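These notes concern the structure reproduced below.
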Amino acid sequence: MSLLSIHDLVAEFDSPSGIARAVDGVSFDAQPGEIFGIVGESGCGKSATCRAILRLFGGAPARIAGGRILLDGVGDLAALHERQLAQVRGRDVAFIFQDPLTALNPTMKIGRQITEVIRRHQTITRAKARAAALQLLRDVHVTSPERRLDSYPHELSGGLRQRVVIAMALALRPRLIIADEPTTALDVTVQDQILRLLKERRDRLGTSIILITHDLGVVSQICDRMAVMYAGRVVETGPVREVLDSPSHPYTQALLAALPGQVGREQALTPIEGAPPSLISPPPGCRFAPRCKLAQPDCVIGPPPPLHARDGVSSGHVDACILNEVAYGPA
């Protein structure tokens, strides 16, 4: 049974130009103990999708306009009242934000911020909560953890701040952690350390992780399955090795072809020409069609194509290209 199942999720944002559907009919699931990656260009809706799971819109004029978010043992998160959802946040599902400096309160010491998370959901003394916070910092390999408890966020390096944010996410032993590009602002060495730390938590505690990233190398390194998003929709999903070694949607193929490592030193890169469509008034049919070199007249007719099995097998590798549906048949 899936830990999290998302069905036809729609999230809308109000803007001066109109209503933008940043998430438009997204479906995927996360299995117990797996790391599931979501990749795509900036603005494709990957962060909006995962923020919608816990309704963490950061004060933006946004709402869930459709779909279901089914968490095992809890039910449909989209149908919960805010007070009910507040009990799920941190306890069942935790969120690691992209920028640890803005995720932490600059006026509060690290120890107090971690203990507040613990005491909000548990009846525990301050002393015991502080001891638990100290152990959490040790668990995420923070150097001199006793001293760090009494430090302010600005006194820590970017890598240490991210470890603190991860410690806070782990404080209540959630079954699912959503990590929104947790290594973006870090140097390569620290990025690797943070990724190893997340994988270690999964291996040790069986925690499921949804990892949002634009880096296919990161997905290849630690993820079990992945979804590729474009213009608010999932266009391909499946086991990481299958998707990366044998991509079936033209957008996934174009992403891989644009990687610097795919060409020789004297060979020009292969950019994806054009720009993503407006999410306020997207084009009919496949949203990648205006940029797709394989597009046919049928690609720009009707609603966006649904996900379907890649070649009639039950490997879980599916895509949303009508050209493949013609070749392989519907799921």
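Any read-out appearing in this document is the output of simple, stated calculations on the displayed coordinates, not a laboratory observation. Since we're looking at a predicted model, the values are computed, not measured. Using ideal geometry, Cβ is built from the backbone for each residue, glycine included, and neighbour counts are taken over all protein chains shown.
Tabulated data
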quantity	calculated
Helical contribution to [θ] at 222 nm, DSSP H n ≥ 4, -39,500 (n - 2.57), averaged over the chain, rounded to 500	-9500 deg cm²/dmol
Tensor-based shape of the range 186-273 (alpha-carbon gyration tensor, a/c under 1.5 rounded, otherwise prolate or oblate)	oblate
Extreme residue, positive dipole direction of the range 4-223, given options 57, 114, 97 (C-beta unit charges)	114
Range in the chain, longest, excluding exposed trypsin sites (Lys or Arg not before Pro) [loop by DSSP; at most 12 other beta-carbon atoms within 10 Å]	1-264
Stokes-Einstein D in µm²/s, Kirkwood radius over Cα pairs - the range 42-150 at 4 °C with 1.567 mPa s viscosity	81
Loop-resident sites, the range 174-268, for GluC sites (Glu not before Pro), counting at most 15 other Cβ within 10 Å (DSSP)	266
Rg/Rh (Cα only; Kirkwood hydrodynamic radius) as it applies to the range 4-223	0.96
Considering only the range 4-223, percent of DSSP beta bridges that pair antiparallel, nearest 5	55
Integer Hz, Karplus 6.51/-1.76/1.60 couplings in order for the range 193-199, x for Gly and Pro	5, 5, 5, 4, 5, 4, 5
Distant-in-sequence amide H partners of residue 22 (H built 1.01 Å from N, under 5 Å)	11, 13
Ellipsoid semi-axes in whole angstrom, largest first, where each is sqrt(5λ) of the Cα gyration tensor of the range 13-102	21, 17, 15
Sequence-distant lysines (8 or more away, or on other chains) whose Cα lies within less than 29 Å of residue 109	128, 199
